[in-house]
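The structure appears below as structure tokens.
Nothing in this text is a laboratory measurement; each read-out follows from the coordinates by a stated rule. Treat the numbers as computed from the prediction; the structure is a model and nothing was measured. So basically every Cβ, Gly included, is an ideal-geometry build from the backbone, and we count neighbours across all protein chains shown.
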Amino acid sequence: MENKSLKIVRKTTTIAVDLMGGDDYPDVRLDTLLAVSKSQPDIKFKVFVSKSYLDTISPRIAQLDEKTIEFLACGRSVSMAESPFSALRQKRESSLSLAIKDVADKKSNICVTAGNTGAMVALSKYWLNPLYDIERPVLATLLPSKSKRTLLLDVGATIDARADELYNFARIGSAWQTAFNGVTNPTIALLNVGTEKNKGDDTVKQADVMLGESNLNYKGFCEGTHLFNGFADVICCNGFVGNITLKSCEAMASFIKNESSDPAKATIWQKIKKGMRIIEPDKYNGALLLGFDGLIIKSHGDCNALGFDAALHQAFNMAQQPIITKMIKILEKS
């Protein structure tokens, strides 16, 4: 019998990257992107840049294979200080807008940007469709813990959420944890100033009632002390609270990392670092914009090479599964 070798067919994932978005000049993000492209043959990058920046880097990218990495010149870019309204009205031909549109047109599987969060949300609303019956999008991020990774949402998309929106955040978070991580009947909690029923403002109290009457696996209120101990699979709050919470945690992790690297302070801070099981925050850079029929990863605007690398790899991992299809089926039942 003749032996025939099996031919493995690899599926290429196409990632749209808004390279112009971010606090700093794009060079660090470009270097990171080129390094990932060389090491990951299963990824095709479509890189959206300004015409002027493309002219600057043309000598560096002239010999690159367009089947692996393609650069697309855009007329404009969105600044980090620009208002969402201005970006939506005047910057639809920007690198951020066209990268998101590429996902909407099904030409890319997912988009990564380190750009303006408000503009990203506004342009995503313009190009993408709402996911099932979800009216407001949400930014979600996974928190490390000893037992399981908790999904915290919202961390910046909807600053002042109503009670019904917090309820929908819980639905989205639960659906994502099941669709992507395979968590059965995810537990849900509302971030509050205390666990007692009489704590919190009217919005949180109303959301508590709605979730308590739902078929979701709702545990009740939680506090900041519960974020990293595996208290719930999903923790919900409005974007104002979530953004401050996330950045405060990242700042503390960076502080402990920096203190423990000082030889004069290393012993005590190394012990604290070990006891707290602090994880390098840059390795977990990248929040996921949920609520649309396309996937968008939001990297920190001031991310370094390690952080942007993490966002790109997170995008690749997300695109390997039909998350949107799974989430729609789950949301239909919630």
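Determine, from the Cβ-Cβ distance of V28 and K67 and an R0 of 25 Å, the FRET efficiency 1/(1 + (r/R0)^6), rounded to the nearest 0.05.
Details: r = 25 Å, r/R0 = 1.00.
For V28 and K67, the calculated efficiency is 0.50.
Please work out the FRET efficiency for the pair D160 and K107, using the Cβ-Cβ distance as r and a Förster radius of 41 Å; give the result to the nearest 0.05.
On the way: r = 34 Å, r/R0 = 0.84.
Between D160 and K107 the formula returns 0.75.
In the chain, what percentage of the DSSP-assigned beta bridges are antiparallel, given to the nearest 5? Show your work: numbers first, answer last.
On the way: 11 of 43 bridges.
Bridges in the chain that DSSP calls antiparallel: roughly 25 percent.
Can you give the FRET efficiency to the nearest 0.05 for T12 and K326, using r as the Cβ-Cβ distance and R₀ = 22 Å? Intermediate values should be presented prior to the final figure.
Values: r = 21 Å, r/R0 = 0.97.
After rounding, the FRET efficiency stands at 0.55.
Counting other C-beta atoms within 10 Å, which of V47, V183 has the fewest, and how do the rest follow?
Fewest-to-most Cβ neighbours within 10 Å comes out as V183, V47.
Springs between alpha-carbon pairs under 10 angstrom, Gaussian network model over the chain: which of K148, K197, K11 fluctuates most?
Of the options given, K11 has the highest mean-square fluctuation.
Would you please give the residues with an amide H less than 5 Å from that of L190, counting only those at least 5 places away or on a separate chain, with H modeled from the backbone geometry?
G220, F221, C222, C236
Report which label in (i) 18.2; (ii) 15.7; (iii) 21.9 holds the value of mean projected area of the Cα convex hull in nm² derived from the coordinates of this structure.
Recomputing mean projected area of the Cα convex hull in nm² here picks out (iii).
Return W176, W127 ranked ascending by Cβ neighbour count within 10 Å, so the fewest neighbours appear first. Numbers along the way, then the final one.
Working: W176 25, W127 19.
Listing W176, W127 from fewest to most nearby Cβ atoms yields W127, W176.
Explain nothing, just compute: Karplus ³J(HN,Hα) = 6.51 cos²θ - 1.76 cosθ + 1.60, θ = phi - 60°, for every residue of region 136-145 in order, whole Hz, x for Gly and Pro.
Result, rounded to whole Hz: 10, x, 8, 9, 10, 9, 8, 9, x, 7.
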